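Beneath this line is the structure, given in C-alpha cells, with notes to follow.
The values are calculated or read from the model by the stated rules, or taken from the named source; none is laboratory data. Quantities reported herein were computed from a predicted structural model and do not represent experimental measurements. As a convention, Cβ positions derive from the backbone with ideal geometry for all residues, glycine included, and neighbour counts pool all protein chains shown. Each accessible area value is taken on the protein alone, full model and side chains, heavy atoms only, with ligands, DNA and RNA left out. Shrake-Rupley method; radii C 1.70, N 1.55, O 1.52, S 1.80 Å.
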Amino acid sequence: MKKIFFAAAVLLISFGCKNKSESSTEEKKENIKQNEFAIIIHGGAGTILKKNLSEEKEKAYKFKLEEAIRTGYAILKDGGTSQEAVVKTIQVMEESPLFNAGKGAVFTHEETNELDASFMDGKTLNAGAVAGVKNVKSPIELAVKIMTDSDHVMLSGAGASIFAKEKGLEIVDPSYFYTEKRFQSLQRIKNKTKTELDHDDKKAAFYDADIKNAKFGTVGCVALDKDGNISAGTSTGGMTNKRWGRIGDAPIIGSGTYANNLTCGVSSTGWGEYFIRSQVAYDISAQMQYQQKTLKEATKDVIQNKLTKLGGTGGVVALDKNGNMSFEFNTAGMYRASMDDKGELVVKIYKE
C-alpha cells in the first residue's frame, strides 16, 4: 500500500513539475519580442455556425476581413502609427454592411441606428469614446477626435454630433445606415416578442440566427507599431431592438477597449452588460501587470473562466507589447483575422 502511495505521489509531483515547466516555457516565449509590429481584428462573435452561413456569405466575410487587416498592415509596415492603423482598419468594416458597425449597424426599438465607439492609446493611456450618435459616418474617427481635440473622454448623442460637425468630420443623413437585412431582423425580433407566449427564448433563437445574436456584433482592432506603441479601438451599432438609450461595452474604456504599452491592447465583442460588469478589457491587462500572466493565460482566464461563470458570452482580440496575439471567445464563432510582421495572414470564422 505504501509503495502504491509513493508511486502516486511521484507521478503527481512529476505531473506538477511538467505543467510548471510548460507554463514557464510559454512565459519565457511570450517575454521575448515575437513581432516588431502586428495587427489583429474581429468583426463580432456569436452563434456563427458553418451550416448557417452560405459559401457566398462566408467568402464575403473573409474577403472583407482580409481587406480590413491588410489596410492596417500596410500602414504599420511603412512605419505608420498604430493609431492610424486601427482607425483605417476599422473604417473598412464600418463602411461594410456585413458588420454591426457604421453602415451595417443594427436598429433600435424605435427603428433608428445609434452608434458607439472607443479608442485608447497605449503610450499615454489617453482615450476617447462616443455613444448614441446617429449621423456621424465614422464613429471610430469621432472617438479619436474626442481624445485629441477635447478635454473629455466620452461624448454622447446630439452633443457628440455637434462636436463632430465643428471638427469637420463627415456628417451623413441617418438613412445612410439603413440596410434592409438589419431592418428585417428588427421586425422579426419585434414579432417574436409579441407572439411568443411560452417565452421559450432558446427555441425561437434556434430557428433565427439574427434573434439569437441580437446582443452581439461589433468590430475592433488592436495594433502594435514599430515604435512599440499599442492602440486599440472598437465600433458598434449596439444591440438589436435596444431601448431607452441603452449603451453597451464598446464605448466603455476598460470594458470594450483598453490599451497599455506595459502590457497589451484589447478589443471586446459580445453581450455588453457582462463585459461592463467584468471590466473585461482592463482585467486582461491587470492580470498581466500585477500577476505576471502571459497574454494567453490572461485572456483565457477572463473569457473562459470569469466571464463564462458570470453568464456572459463573447470574446476578445488582444495583442501584447511583444507582438504576441490572442483570439479568445466562448461562442460558436468569431469573425477574426491577424497579421504579423512577416506578413503571415490568418482569417477565421468558426471555432476550431
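Please determine whether any residue of the range 99-113 is under 20 Å from the mean Cα position of the chain (by Cα), under 26 Å from residue 181 (Cβ atoms) and either among the charged types (D, E, K, R) or part of a strand (DSSP E or B) (or both).
Within the range 99-113, one or more residues are under 20 Å from the mean Cα position of the chain (by Cα), under 26 Å from residue 181 (Cβ atoms) and either among the charged types (D, E, K, R) or part of a strand (DSSP E or B) (or both).
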Subject >> Single residue of 340, 320, 283, 301 found to be in contact with a Leu (Cβ under 7 Å, 6 or more places away or on another chain) and among the charged types (D, E, K, R) >> reply: 320
Subject >> Hits in the range 65-110 (condition: within 17 Å of residue 227 (Cβ to Cβ) and of a type in the set (Ser, Thr, Tyr)) >> reply: 73, 81, 82
**OP:** Pairs only if they're at least six apart or on different chains, beta carbon under 6 angstrom, first in the range 335-348 and over 16 Å from residue 225 (Cβ atoms), second open to solvent by 40 Å² or more (accessible area, probe 1.4 Å); list them, first residue then second.
**Re:** 336/327; 336/348; 347/62; 347/66
Original post:
Going by the structure shown, is residue 306 touching a residue at least 24 places away in the same chain (Cβ under 8 Å) and within 16 Å of residue 264 (Cβ to Cβ)?
Top reply: no
**OP:** Within the range 162-174, identify whether any single residue is of a type outside the set (Phe, Trp, Tyr), more than 16 Å from residue 221 (Cα to Cα), buried (at least 23 other Cβ atoms within 10 Å of the Cβ) and over 20 Å from the mean Cα position of the chain (by Cα), and answer yes or no.
**Re:** yes
Original post:
What is the residue count in the range 309-352 for residues that are part of a strand (DSSP E or B), of a type in the set (S, T, N, Q) and within 14 Å of residue 37 (Cβ to Cβ)?
Top reply: 1
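Of all residues in the range 112-133, count the ones that are touching a residue at least 12 places away in the same chain (Cβ under 8 Å) and more than 18 Å from residue 218 (Cβ to Cβ).
Selection size over the range 112-133: 6.
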Original post:
Of all residues in the range 47-61 being in contact with a strand residue (DSSP E or B) (Cβ under 7 Å, 6 or more places away or on another chain) and surrounded by 15 or more Cβ atoms within 10 Å (Cβ to Cβ), which is nearest to residue 268 (Cα to Cα)?
Top reply: 48
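Based on this model, can you work out whether residue 152 counts as touching a residue at least 60 places away in the same chain (Cβ under 8 Å), open to solvent by 40 Å² or more (accessible area, probe 1.4 Å), touching a helix residue (DSSP H, G or I) at 6+ places or on another chain (Cβ under 9 Å) and not aromatic (Phe, Trp, Tyr)?
So residue 152 fails the test.
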Subject >> Exclusive hit being within 18 Å of residue 236 (Cβ to Cβ), at pLDDT below 90 and either open to solvent by 70 Å² or more (accessible area, probe 1.4 Å) or of a type in the set (D, E, K, R) (or both), set 190, 202, 212 >> reply: 212
**OP:** Keeping to the range 313-339, report how many residues are surrounded by fewer than 22 Cβ atoms within 10 Å (Cβ to Cβ), of a type in the set (Ser, Thr, Tyr) and closer than 20 Å to residue 288 by Cβ.
**Re:** 0
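If we keep just the residues of the range 117-173 that are in a helix (DSSP H, G or I) and polar (S, T, N, Q), which is farthest from residue 259 (Cα to Cα)?
Once the filter is applied, the top-ranked residue is 161.
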Original post:
Could you give every pair whose Cβ atoms fall below 6 Å, whose first residue belongs to the range 33-47 and is within 16 Å of residue 74 (Cβ to Cβ) and part of a loop (DSSP other than H, G, I, E, B), and whose second residue is of a type outside the set (S, T, N, Q) and open to solvent by less than 10 Å² (accessible area, probe 1.4 Å), counting only separations of at least 6 or pairs across chains?
Top reply: 35/323; 37/76; 37/224; 37/225
**OP:** Output the number of the condition that residue 85 fails; it satisfies all remaining conditions of (1) under 19 Å from residue 266 (Cα atoms); (2) in contact with a helix residue (DSSP H, G or I) (Cβ under 8 Å, 6 or more places away or on another chain); (3) surrounded by fewer than 24 Cβ atoms within 10 Å (Cβ to Cβ); (4) in contact (Cβ under 8 Å) with a residue 24 or more places away in the chain.
**Re:** (3)
**OP:** State which residue pairs qualify: first residue open to solvent by 50 Å² or more (accessible area, probe 1.4 Å) and at pLDDT 95 or above and inside the range 62-80, second residue in a helix (DSSP H, G or I) and β-branched (Val, Ile, Thr) in any location, beta carbons under 7 Å apart, and separation of 6 or more residues or different chains.
**Re:** 67/92
